[in-house]
């Protein structure tokens, strides 16, 4: 896919799907979003994503419903509306086929796990959270980057994509001492199949691009909002421990409700400057 016009159409389709999950997305809407016939864009989409557009939309809606169930107290009726289902019955039927349990059973199992892991350490003694966080409000901004798709545990693949991105951005004169590097985490590794987990990596765009992005490089707007900011110190591999501490402590110790939006990571230094143990990553969890 080297034709920029076709790439732009494909990017528009991805953005359209992301922004309209709660709406009815039919074939005419898809064709209008990308100026392709449905038959042709579906062929391209399936080759890139290993699933049809229809299956992709259904999967993303159900995974989003699972995330809301897992991390909020929103009613199942409200969740059904939020992810584009007409009623609770429609969501429940589709959810059972995807996760082999009802939405309410999924919520109860997630709650039980959070309560158990939030109350005890590995040696079985009672503990309280020692997590430090602050409430931040981020303005909307634009990022320039690439999308990674695959397991979040495949750090080699993620690092290779970072190297590819950095080389391209440097050639285009986008990097300097003040560049802000970040990642936007779109899926939950425990809910989405590894092959489908999405991760946008890139930089905060301080000015309008003076060139047309090539290939799958793209500019994306990150919506502003309210976040809890946590600090992780250590290797990127060990960040899973910080995330586990955050989520395990949420129900018992953090008096905020999570919002259905991507998690953001801002990287304050890199391995060219410090050791792995000294790496600093700010984690922003979206809240209502």
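Only one of the numbered conditions (1) closer than 28 Å to residue 249 by Cα; (2) outside the structural domain of residue 66 (by TED's automatic domain parsing); (3) modelled with pLDDT under 90 is not met by residue 114, and that is (2).
Given the criterion surrounded by fewer than 17 Cβ atoms within 10 Å (Cβ to Cβ), assigned to a helix (DSSP H, G or I) and assigned by TED's automatic domain parsing to the domain that holds residue 90, identify the matching residue among 47, 33, 66. Spell out how you get there, then give the answer.
Details: 33 fails: surrounded by fewer than 17 Cβ atoms within 10 Å (Cβ to Cβ); 66 fails: surrounded by fewer than 17 Cβ atoms within 10 Å (Cβ to Cβ).
Just one listed residue meets the conditions, 47.
A single member of 170, 163, 184, 153 is out of contact with any strand residue (DSSP E or B) (no Cβ under 9 Å at 6 or more places or on another chain) and not in a helix (DSSP H, G or I), and it is 153.
The values are calculated or read from the model by the stated rules, or taken from the named source; none is laboratory data. The structure displayed is predicted, hence computed values, not measured ones. When we count neighbours, we look across all protein chains shown, and the Cβ atoms used for this are built from the backbone with ideal geometry, even at glycine.
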